[in-house]
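Computed from the coordinates by the stated procedures, all read-outs in this text should not be read as laboratory data. On a predicted model such as this, the values are computed, not experimentally measured, just so you know. Note that each Cβ is placed from the backbone with ideal geometry, even for glycine, and that neighbours are counted across all protein chains shown.
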């Protein structure tokens, strides 16, 4: 993947299901449906919250919810 879309996760509800949903929608919005599916599969087979966050960050640039309008 060449460029990662910005994804407003900082300040969002930290529940991993919520974060994956936001990241997945961001990827799909940018036409990256296959990456969204791959990310979800990898996150849900990860062994820790920290590992899941690292996986999400491989696919999107994590930004603050306050920066969402700047994109």
(Q) Under 10 Å, Cα contacts only: if you run a Gaussian network model on the chain, which one of 36, 12, 52 comes out with the highest mean-square fluctuation? (A) 12
Q. Using the eigenvalues of the Cα gyration tensor, what equivalent ellipsoid semi-axes result for the chain when each is taken as the square root of five times the eigenvalue, whole Å, largest first?
A. 17, 15, 10
Q: Give me the number: length gained by fully extending residue 15 to residue 29, i.e. 0.36 nm times residue separation minus the C-alpha to C-alpha distance, one decimal in nm.
A: 2.9 nm
Q. Between residue 38 and residue 51, what is the label-to-label distance in nm when each label sits 7 Å out along the Cα-to-Cβ direction?
A. 1.9 nm
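At 222 nm, what value in deg cm²/dmol follows for the chain if DSSP H runs of at least 4 each add -39500 (n - 2.57) and the sum is divided by all its residues, to the nearest 500? List each step's numbers first, then the result.
Details: 3 runs with 37 residues, N = 71.
Computed mean residue ellipticity for the chain: -16500 deg cm²/dmol.
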Q | Spin-label model distance (nm) - residue 65 vs residue 3, 7 Å beyond Cα toward Cβ | A | 2.7 nm
Q) Fewest first, what order do 16, 62 take by the number of other Cβ atoms within 10 Å? A) 16, 62
